[in-house]
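Colleague: Handing you this structure, nothing more for now.
The values are calculated or read from the model by the stated rules, or taken from the named source; none is laboratory data. Everything numeric here is computed off the predicted structure, so don't read it as measured data. Positions of Cβ are backbone-derived with ideal geometry, glycine not excepted, and every protein chain shown enters the neighbour counts. All accessible areas refer to the heavy atoms of the entire protein, side chains included, with ligands and DNA or RNA removed. Shrake-Rupley method; radii C 1.70, N 1.55, O 1.52, S 1.80 Å.
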Amino acid sequence: MTYQKTDRSKESARARVEGWTPRTKLGKMVLGGQISSIEEIFMDGLKISEPEIVDVLLPDIQEEVINIGLVQKQTDAGEKSRFKAIVAVGTEGGYIGLGSGKAKQVRNAIEKGAMDARLNITLVRRGCGSWECGCGKNHSLPFQISGKCGGVKIVLIPGPRGLGLVANEEAKILLRLAGVKDIWTKSFGSTRTIPSFACAVFDALKRTYSLVTQAEWVK
Ligand SMILES: [Zn+2]
C-alpha cells in the first residue's frame, strides 16, 4: 500500500485556520499577527501546542505518510484493533516534523499523525559538510550526525552535490521534506521497524541544531 501526498492537506489546513479559535497565548499572537515567523518561536524556545500555528506560519507545509500499521489491544470487550499512522511534515526548506496518530479509520489516524507532526516541528541546520564538495551551499548537512530511537541508530553523512539521497524510502521522505538533498546513510539495529527507523532519522535531523561545532566555540 502506498499513500500519496494529497492536495487535500492544503485545503484542510486552510479550513483549520478559518475555524480556529486559539487556546494559547502563542496561538493568539500568531493569529493576531504579533508573531509572523516560526523562527521567532524557536529563538524564544516557545512550545507549539496548536497545529494551526504551523499552518499559519508555514503555509507551504507538505505532509507525507511514512507508515500505516495495525495495533491490537486486548480489552474487556475483546480484541480492539486500530490503525497507527506515522506522518512527516516539512517545507523542503529546513523544517521537519514527525508524528503518529491512532484511530479506528486509516484516514483519521493519518489526520492525527499529521497534527502531531506539526507540534513536533523542528529546524534543521543545513550546509555543505562534504570534503569532496566545499561549495558552501545548503544542499546537505554541515557535519556528520547520528540519531537513535528504539533499537535503531542512523548516521547521516554529508555528500557532494548531485549525489542524491543514498537512503531507504522512509529516510528519503524525511530528508526530502527537510530540504536535504545529498546524503549517505548508515543504519544499525532493527532497521526494519519503520516507526523506530523514522524516529531515528528525525532525531538525527533535530540534533543538527543542538550540536555546537568547534568553530562556534571559538567564535
Ligand atoms: Zn557542497
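Colleague: Check Gly45 against each of (1) in contact (Cβ under 8 Å) with a residue 12 or more places away in the chain; (2) within 20 Å of the chain's Cα centre (by Cα); (3) open to solvent by 30 Å² or more (accessible area, probe 1.4 Å) and name the one condition it does not meet.
Modeller: Result: Gly45 passes all but (1).
Colleague: For the stretch 176-207, which positions are touching a Gly at 6+ places or on another chain (Cβ under 9 Å), open to solvent by less than 10 Å² (accessible area, probe 1.4 Å) and assigned to a helix (DSSP H, G or I)?
Modeller: Leu177, Ala178, Phe197, Ala200, Val201, Ala204, Leu205, listed by residue number.
Colleague: Taking Ser81, is it open to solvent by 40 Å² or more (accessible area, probe 1.4 Å), assigned to a strand (DSSP E or B) and farther than 23 Å from Asp203 by Cα?
Modeller: Details: open to solvent by 40 Å² or more (accessible area, probe 1.4 Å): yes; assigned to a strand (DSSP E or B): yes; farther than 23 Å from Asp203 by Cα: yes.
For Ser81, the condition - open to solvent by 40 Å² or more (accessible area, probe 1.4 Å), assigned to a strand (DSSP E or B) and farther than 23 Å from Asp203 by Cα - is met.
Residues are listed down the side, and each one gets a yes or a no for (1) within 16 Å of the ligand (Cβ to nearest atom); (2) open to solvent by less than 40 Å² (accessible area, probe 1.4 Å); (3) without any contact (Cβ under 8 Å) to a residue 60 or more places away in the chain; (4) not polar (S, T, N, Q):
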residue	(1), (2), (3), (4)
Gly101	no, yes, yes, yes
Lys104	no, no, yes, yes
Ala109	no, yes, yes, yes
Met115	no, yes, no, yes
Gly134	yes, no, yes, yes
His139	yes, yes, yes, yes
Cys149	no, yes, yes, yes
Ile157	yes, yes, yes, yes
Gly164	yes, yes, yes, yes
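Colleague: Continuing with this model, one more query. Quick one: would you say Arg126 is closer than 30 Å to Lys10 by Cβ and either open to solvent by less than 10 Å² (accessible area, probe 1.4 Å) or within 16 Å of the ligand (Cβ to nearest atom) (or both)? Can you show your working first?
Modeller: On the way: closer than 30 Å to Lys10 by Cβ: yes; either open to solvent by less than 10 Å² (accessible area, probe 1.4 Å) or within 16 Å of the ligand (Cβ to nearest atom) (or both): yes.
So Arg126 fits the description; yes.
Colleague: Being under 25 Å from Asn138 (Cβ atoms) and not aliphatic (A, V, I, L, M): is that true of Glu18 here? Spell out the reasoning first.
Modeller: On the way: under 25 Å from Asn138 (Cβ atoms): no; not aliphatic (A, V, I, L, M): yes.
It is false that Glu18 is under 25 Å from Asn138 (Cβ atoms) and not aliphatic (A, V, I, L, M).
Colleague: Please state which of the following conditions Gln144 fails to meet, knowing it meets all the rest: (1) open to solvent by 40 Å² or more (accessible area, probe 1.4 Å); (2) touching a Leu at 6+ places or on another chain (Cβ under 8 Å); (3) within 10 Å of the ligand (Cβ to nearest atom).
Modeller: So the condition that Gln144 fails would be (3).
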